[in-house]
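Step one of this worksheet: look at the structure below.
The values are calculated or read from the model by the stated rules, or taken from the named source; none is laboratory data. No experiment lies behind these values; they were computed from the predicted model shown. Note: ideal-geometry Cβ built from the backbone for every residue, glycine included; neighbour counts use all protein chains shown.
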Amino acid sequence: GAGVSQTPSNKVTEKGKYVELRCDPISGHTALYWYRQSLGQGPEFLIYFQGTGAADDSGLPNDRFFAVRPEGSVSTLKIQRTERGDSAVYLCASSATGAADTQYFGPGTRLTVL
Amino acid sequence: GENVEQHPSTLSVQEGDSAVIKCTYSDSASNYFPWYKQELGKRPQLIIDIRSNVGEKKDQRIAVTLNKTAKHFSLHITETQPEDSAVYFCAASRRTDKLIFGTGTRLQVFP
């Protein structure tokens, strides 16, 4: 079946602009995670959804970052007033129930802030 | 806070040799320990995982061991092949919680 997909694959924007990154999880997966991966580093947790609600948003770096999952499937990560330090690969993962289940990753969106 | 340390950062082996990567975690409540392989420009892919009620798990050339008392877990790859070359990440999590990743090990297997 289809895996986790993310769009766009690449996004170049200017400092101060607003961006939206989209994640389509594996069908039926209730848990969805966003991570950020900087060059040469491991993925860093941002936010976790169980169904429609954010169960843990402790990894969001500041209030410029926000994510939604209104129908419990697709999720959108929103970044306001982008800064050059936001440049990274944003990875989405989903798992069947979230209870120590395997997390399957999408291909990521490479965000570059000029 | 929660932390996972991973060593070594780079590892070079001859084809056919074994490779071992070690991780230490700080959160004693962690109970799930996956290992991911990431090729350049690609998504992380799960290669093996272990849960806290098991001390060792093996899948063909790959094995993982867990020592909960010492909060250590290790990845063992035997009979390495050039296609094993990639960056490997360990991770730890609590039930239903986010994954805390190590800093990665770049494995190079020379023919």
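Within the range B:5-111, which strands (runs of 3 or more DSSP E) (wholly inside it) include 3 or more residues that are closer than 28 Å to residue A:3 by Cα? Break it down into steps so the answer makes sense when it comes.
On the way: elements: B:10-14, B:19-25, B:32-38, B:45-51, B:56-59, B:62-67, B:72-77, B:86-92, B:105-110.
Qualifying strands (runs of 3 or more DSSP E): B:32-38, B:45-51, B:56-59, B:62-67, B:72-77, B:86-92, B:105-110.
Answer with yes or no whether residue A:32 is modelled with pLDDT of 95 or more and touching a Ser or Thr at 6+ places or on another chain (Cβ under 8 Å).
So residue A:32 fits the description; yes.
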> of a type in the set (Val, Ile, Thr), more than 9 Å from chain B (Cβ to nearest Cβ) and surrounded by 14 or more Cβ atoms within 10 Å (Cβ to Cβ): does that describe residue A:19?
Replying inline: yes
> If you go through the range A:100-114, how many residues are touching a residue at least 40 places away in the same chain (Cβ under 8 Å) and either facing chain B (nearest Cβ under 7 Å) or among the polar types (S, T, N, Q) (or both)?
Replying inline: 7
>> With the requirement that a residue be within 9 Å of another protein chain (Cβ to nearest Cβ) and of a type in the set (A, V, I, L, M), what does the range A:90-99 give you?
In response: A:91, A:93, A:99
>> I'm checking my understanding of the structure. Among residues of the range A:71-110 that are under 24 Å from residue B:47 (Cβ atoms) and exposed (fewer than 14 other Cβ atoms within 10 Å of the Cβ), which one is modelled with the highest pLDDT?
In response: A:102
> Do you know which residues across the range A:32-70 are without any contact (Cβ under 8 Å) to a residue 24 or more places away in the chain, of a type in the set (Lys, Arg) and crowded, with 17+ Cβ neighbours inside 10 Å?
Replying inline: none
> What are the residues in the range A:32-57 that are more than 20 Å from residue B:6 (Cβ to Cβ) and among the acidic types (Asp, Glu), if any?
Replying inline: A:56, A:57
>> Can you say whether residue B:47 is within 11 Å of the chain's Cα centre (by Cα) and within 15 Å of residue B:4 (Cα to Cα), as far as the supplied structure shows?
In response: no
>> Looking at the range A:30-83 only, could you name the residues that are among the β-branched types (Val, Ile, Thr), in a loop (DSSP other than H, G, I, E, B) and within 14 Å of chain B (Cβ to nearest Cβ)?
In response: A:30
